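Worksheet: one structure, shown below.
The values are calculated or read from the model by the stated rules, or taken from the named source; none is laboratory data. For clarity, every value in this text was computed on a predicted model and none was experimentally measured. Note that we place each Cβ from the backbone using ideal geometry, even for glycine, and neighbour counts take in every protein chain shown. Just the protein is used for accessible areas: all its heavy atoms, side chains included, with ligands, DNA and RNA removed. Shrake-Rupley method; radii C 1.70, N 1.55, O 1.52, S 1.80 Å.
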Amino acid sequence: MDMNLEFISGLNEPQKSAVLHTEGPLLILAGAGSGKTRVITHRIAHLIINKNIYPYKICALTFTNKAAKEMQERVIKLLSNSGNLVMIKTFHSLCLYILRKYPEKINLHSGFTVYDTSLSESLLKEIIKDLSLDNKAFKPKNISSVIQNSKDKMILPEEFLDELPKDSFYKSIGKIYTLYEERKMERNALDFGDLILKTVILLKEYPEIKNYYNNLWEYIMVDEYQDTNKCQYILTTLLAGEKKNICVVGDDDQSIYSWRGADIRNILDFEKDYKNTYIVKLEENYRSTQNIITAAGSLIKNNSDRKDKTLFTNKEIGKKITLTECPSEMDEARFVLNKIKDLYKFTGKYSKIAVFYRTNAQSRFFEEALRENNIPYKIYGGFRFYDRAEIKDMMAYLTILINPDDTGSLLRIINFPPRGLGDTSLEKLRLNAIENNVSVFEILKRGNTDLRKSAKLSIENFLSNYNDLSIMIKNNMNPSAIAKSLVVQMGIEDELKKNADPESLDRLENIEQFIESIQEYEDSTENPNLSEYLNMISLYTSEEDGVEITDYITLMTVHNSKGLEFDTVFLTGMEEGTFPHFMSLEEKMGVEEERRLCYVAITRAMQDLYISHCQYSRKYGEIQKREPSRFLSEIPENLFQTGSEISYRTPIRAPFAKEREIKEKTNFQANSINNSTFKVGSKVKHREYGIGKIVDISGVGDNKKAKIRFGYTEKNFLLVYTPLEIVEN
DNA sequence: TTAGTTAAGATTTTT
DNA sequence: TCTTAACTAA
């Protein structure tokens, strides 16, 4: 047989065998940095080039949009245009893609909304209220996670009530769950969990649909298989169908999402579930130095339940891992800062350096240190563009244009900008809707409500604007044009310009940026329309804004680091209680997952790994003595180097609170002394509000007040308490 | 309806 | 300690 194997000549033997094994179940145990994406993409290329499989017969599933995008790009690189035809999607987007075709089969109609967490939670909040449950015991967040977890486990409301303990608490949750499903349906909406669950139900209930997809996608590939939950597992088996040409890739040692329902048994038991599974182990690491790999290996072997495999590398031994003990978190930040400065002197680059921490709260110290020294940094996976309130408002507005029954979105924006429809009015409308068994939008349209005259008027006004915008949709106008006139017509622009404080202007700018992103979508699509756009971004959460700076330090939680790599990694806060986190200490499996998490962190580093821990750190504002993480003692001492950093072990200073006190005092004094230097007309910089101009000064001594104008608003400050920088006097 | 105050609660978060 | 949500006063 003529085969073009040239393109896989660069692969090692196990990689090749994985690429060439195309029929039947295949389990690829891919250690960290072992080139798994390479294997997946080459396997796809091999199927198409050598096995004459049509590109659209292959479906690859990932967890993140980022991974899907990267995989598609790499496939296109190998195959050029036909790479576009390979179906590469996230679990959720594939399911959405399927469900959009059969909305009526899952009792919805076209144009249904996908609820994000905040919309789900506000619906739950309503339900908790309507059921007159104690809102201290029933928190939307907690209930939401119980419900989502149940969905991940394929437990429907009825089963929930049957299976779970019959105490009143769980009974109530069962009631909430039932009602939640009903209301969501009425609103023509789905939540994230539904996307997978309803697809599973659809494929099970309609064999002809399942057959259709089984014939369409003959080859299924699943990335990060260790992270699949039960529901996703069932989905993959349904997609694999009778042919069972299913290739799963994963690493049990990197399973760090069990708390989100990921079931590590899915990968551990794959060979039991699929007879004649062919197993390939990718154990050669191409990323890190020997020292780093040895450290990671010695750590992870302390876990009990894992597939037997050992990572190795042919790279150089490399530098020793630097272990540094710091008196306080501030010292730790300073240590990292100084090291970063040193590294920058050598490399002239920040972009290959990352700082990891276990919990988000730890980032502050590093942010502070970097900001003070004007070193650019970005928090990866931090606050996302689409999480901003104003963007969510825009989304909600656009959503109700497509799906007016989506009461959740409607309630979100009905009083933004303020229309005199406060909590009481909204509650009336909502209850009215429930009574009449229609959506709130329908109630608005009927208009015979017992609201104040002014409220009625503003509703009428809202509806007339709504109609104008609807007409634009009917006329197939561009989504960006609709969004633009929405911002004006609905009074969003006026509202934000009216309170022209820096924050509002910022929000307006974000909205403009949002509209720009819609335009980008239009430019890259043949027949752009609003509903397709919303469909696309409903599952799109990452920060896709064209950031100006390209060279920056990356700060992130260890969870976020999975799948990434950096020349230099700072793994910080390696103390008992922080990492492993105290919440995980109760169960053995909890500590094992923390260990895997630590393994993930270590294996991100290519060259340099700096591990640090503090003698004292704060928890909820209380200073506590800390012991080094148990994980540190699981790594052979000879891999560490503490010598050159030992000088940094300054004696225990009054940790923290005192430092802050001193700092505040000096600030206070500085301002007292400098009080006289502020005068009307001075340009000053405020930490929060930015640059402003002093328009008035009143009072004497410590009572001296300054009225400062920022943009279009004025604010009063007591000078002694306000840290102000003089920009121009 | 809003602004201001107070009390509670505080891992991790691919979609 | 710091943030957020729930309460209270204007």
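Given the structure, is A:Glu332 open to solvent by less than 10 Å² (accessible area, probe 1.4 Å), within 26 Å of A:Val600 (Cβ to Cβ) and not in a strand (DSSP E or B)? Write out each step before concluding.
Numbers: open to solvent by less than 10 Å² (accessible area, probe 1.4 Å): yes; within 26 Å of A:Val600 (Cβ to Cβ): yes; not in a strand (DSSP E or B): yes.
Taking the combined requirement at face value, the residue satisfies it.
Tally time: how many residues in region A:487-500 are surrounded by 14 or more Cβ atoms within 10 Å (Cβ to Cβ) and either in contact with a Phe, Trp or Tyr (Cβ under 6 Å, 6 or more places away or on another chain) or in a helix (DSSP H, G or I) (or both)?
Residues that pass the stated criteria total 7.
Consider A:Ser82 carefully, then state whether it is open to solvent by less than 50 Å² (accessible area, probe 1.4 Å), under 30 Å from A:Glu205 (Cα atoms) and in a helix (DSSP H, G or I).
Details: open to solvent by less than 50 Å² (accessible area, probe 1.4 Å): yes; under 30 Å from A:Glu205 (Cα atoms): no; in a helix (DSSP H, G or I): yes.
Judged against the criteria, A:Ser82 is not a match.
Which ones in region A:155-200 are surrounded by fewer than 17 Cβ atoms within 10 Å (Cβ to Cβ), modelled with pLDDT of 90 or more, hydrophobic (A, V, I, L, M, F, W, C) and farther than 22 Å from A:Thr399 by Cβ?
A:Leu156
So, of the residues in region A:428-445 that are assigned to a helix (DSSP H, G or I) and under 32 Å from the mean Cα position of the chain (by Cα), which turns out to be farthest from A:Leu508 (Cα to Cα)? Can you show your working first?
Within region A:428-445, the first condition is being assigned to a helix (DSSP H, G or I), and the residues that meet it are A:428-436, A:440-445.
Subset that is under 32 Å from the mean Cα position of the chain (by Cα): A:430, A:440-441.
On the way: A:Arg430: 30, A:Val440: 28, A:Phe441: 27 Å.
Among those residues, the one meeting the criterion is A:Arg430.
Here is a yes/no grid of residues against (1) over 30 Å from A:Thr64 (Cα atoms); (2) away from DNA strand C (no atom under 16 Å from the Cβ); (3) outside any helix (DSSP H, G or I):
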{"site": "A:Leu123", "(1), (2), (3)": "no, no, no"}
{"site": "A:Leu133", "(1), (2), (3)": "yes, no, yes"}
{"site": "A:Ala137", "(1), (2), (3)": "yes, no, yes"}
{"site": "A:Gln148", "(1), (2), (3)": "no, yes, no"}
{"site": "A:Met154", "(1), (2), (3)": "no, yes, yes"}
{"site": "A:Leu161", "(1), (2), (3)": "yes, yes, no"}
{"site": "A:Phe169", "(1), (2), (3)": "yes, yes, no"}
{"site": "A:Leu203", "(1), (2), (3)": "no, yes, no"}
{"site": "A:Glu208", "(1), (2), (3)": "no, yes, no"}
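If you go through region A:70-93 one residue at a time, how many are in contact with a strand residue (DSSP E or B) (Cβ under 8 Å, 6 or more places away or on another chain), more than 15 Å from DNA strand B (Cβ to nearest atom) and without any contact (Cβ under 8 Å) to a residue 24 or more places away in the chain? Outline the logic, then answer.
Of region A:70-93, the ones in contact with a strand residue (DSSP E or B) (Cβ under 8 Å, 6 or more places away or on another chain) are A:71-72, A:75, A:86-91.
Within this subset, residues satisfying the condition of being more than 15 Å from DNA strand B (Cβ to nearest atom) are A:75, A:86-87.
Checking which are without any contact (Cβ under 8 Å) to a residue 24 or more places away in the chain leaves us with none.
So the count comes out to 0.
Looking at region A:347-357, can you tell me whether even one residue there is within 16 Å of DNA strand C (Cβ to nearest atom), within 29 Å of the chain's Cα centre (by Cα) and open to solvent by 60 Å² or more (accessible area, probe 1.4 Å)? Let's see the steps before the verdict.
Pass one, region A:347-357, residues within 16 Å of DNA strand C (Cβ to nearest atom): A:357.
If we keep only those that are within 29 Å of the chain's Cα centre (by Cα) too, we end up with A:357.
Among the residues that remain, those that are also open to solvent by 60 Å² or more (accessible area, probe 1.4 Å) are: none.
Checking region A:347-357: not a single residue is within 16 Å of DNA strand C (Cβ to nearest atom), within 29 Å of the chain's Cα centre (by Cα) and open to solvent by 60 Å² or more (accessible area, probe 1.4 Å).
So is A:Phe416 within 16 Å of DNA strand C (Cβ to nearest atom), assigned to a loop (DSSP other than H, G, I, E, B) and over 20 Å from the mean Cα position of the chain (by Cα) or not? Working first, answer last.
Numbers: within 16 Å of DNA strand C (Cβ to nearest atom): yes; assigned to a loop (DSSP other than H, G, I, E, B): yes; over 20 Å from the mean Cα position of the chain (by Cα): yes.
So A:Phe416 passes the test.
Mind telling me which of the residues A:Tyr225, A:Tyr212, A:Tyr206, A:Tyr219 ends up being at pLDDT 95 or above, open to solvent by less than 40 Å² (accessible area, probe 1.4 Å) and more than 27 Å from the chain's Cα centre (by Cα)? If you could, list the steps in order and put the result at the bottom.
Values: A:Tyr225 fails: more than 27 Å from the chain's Cα centre (by Cα); A:Tyr212 fails: open to solvent by less than 40 Å² (accessible area, probe 1.4 Å); A:Tyr206 fails: open to solvent by less than 40 Å² (accessible area, probe 1.4 Å).
None of the others qualify; the one that does is A:Tyr219.
Pick out the one residue from A:Lys349, A:Lys319 that is under 15 Å from A:Phe570 (Cα atoms) and part of a loop (DSSP other than H, G, I, E, B). Talk me through it step by step, then tell me what you get.
Details: A:Lys349 fails: under 15 Å from A:Phe570 (Cα atoms).
Step by step, each of A:Lys349, A:Lys319 is checked, and only A:Lys319 is under 15 Å from A:Phe570 (Cα atoms) and part of a loop (DSSP other than H, G, I, E, B).
Among (1) open to solvent by 30 Å² or more (accessible area, probe 1.4 Å); (2) in contact with a Lys or Arg (Cβ under 9 Å, 6 or more places away or on another chain); (3) at pLDDT 95 or above; (4) part of a loop (DSSP other than H, G, I, E, B), there is one condition A:Lys281 misses while meeting the rest; what is its number?
It fails just one condition, (4).
Can you tell me which residues in region A:377-399 are open to solvent by 20 Å² or more (accessible area, probe 1.4 Å) and of a type in the set (A, V, I, L, M)?
Of everything in region A:377-399, those that are open to solvent by 20 Å² or more (accessible area, probe 1.4 Å) and of a type in the set (A, V, I, L, M) turn out to be A:Ile379, A:Ala389, A:Met395.
Search region A:51-69 for residues being in a helix (DSSP H, G or I) and closer than 22 Å to A:Phe192 by Cβ, and hand back the single one that is nearest to DNA strand B (Cβ to nearest atom). Write out each step before concluding.
Taking region A:51-69 and keeping what is in a helix (DSSP H, G or I), we get A:55-57, A:65-69.
Of the ones still in play, those that are also closer than 22 Å to A:Phe192 by Cβ are A:65-69.
On the way: A:Asn65: 4, A:Lys66: 6, A:Ala67: 7, A:Ala68: 8, A:Lys69: 9 Å.
Looking at residues that are in a helix (DSSP H, G or I) and closer than 22 Å to A:Phe192 by Cβ, I get A:Asn65.
Given the structure, is A:Glu104 open to solvent by 10 Å² or more (accessible area, probe 1.4 Å) and closer than 23 Å to A:Gly10 by Cα? Break it down stepwise before answering.
Values: open to solvent by 10 Å² or more (accessible area, probe 1.4 Å): yes; closer than 23 Å to A:Gly10 by Cα: no.
In short, no.
A:Leu195 passes all but one of (1) within 15 Å of DNA strand B (Cβ to nearest atom); (2) free of Cβ contacts under 8 Å to residues at least 12 places away in the same chain; (3) part of a helix (DSSP H, G or I); which number fails?
Going through the list (1) within 15 Å of DNA strand B (Cβ to nearest atom); (2) free of Cβ contacts under 8 Å to residues at least 12 places away in the same chain; (3) part of a helix (DSSP H, G or I), A:Leu195 breaks only (2).
Condition (residue is out of contact with any strand residue (DSSP E or B) (no Cβ under 6 Å at 6 or more places or on another chain), modelled with pLDDT of 95 or more and closer than 19 Å to A:Glu587 by Cβ) applied to region A:235-251: is it met by at least one residue?
Within region A:235-251 (the criterion being out of contact with any strand residue (DSSP E or B) (no Cβ under 6 Å at 6 or more places or on another chain), modelled with pLDDT of 95 or more and closer than 19 Å to A:Glu587 by Cβ), the answer is no, since none of the residues qualifies.
Is there a residue being part of a loop (DSSP other than H, G, I, E, B), over 30 Å from A:Asn211 (Cβ atoms) and within 15 Å of DNA strand B (Cβ to nearest atom) anywhere in region A:109-120? Before you say what the answer is, go through the steps one by one.
First, the residues of region A:109-120 that are part of a loop (DSSP other than H, G, I, E, B): A:109-112, A:116.
Now drop any that are not over 30 Å from A:Asn211 (Cβ atoms), which leaves A:116.
If we keep only those that are within 15 Å of DNA strand B (Cβ to nearest atom) too, we end up with A:116.
Checking region A:109-120: at least one residue is part of a loop (DSSP other than H, G, I, E, B), over 30 Å from A:Asn211 (Cβ atoms) and within 15 Å of DNA strand B (Cβ to nearest atom).
Against the conditions (1) modelled with pLDDT of 85 or more; (2) open to solvent by 50 Å² or more (accessible area, probe 1.4 Å), where does A:Ile413 fall short? Just the number, please.
(2)
Can you tell me how many residues in region A:260-283 are under 22 Å from A:Lys562 (Cβ atoms) and touching a residue at least 40 places away in the same chain (Cβ under 8 Å)?
So the count comes out to 10.
State the number of residues belonging to region A:235-259 that are within 16 Å of DNA strand B (Cβ to nearest atom), closer than 16 Å to A:Asp152 by Cβ and open to solvent by 10 Å² or more (accessible area, probe 1.4 Å).
Final tally of qualifying residues: 3.
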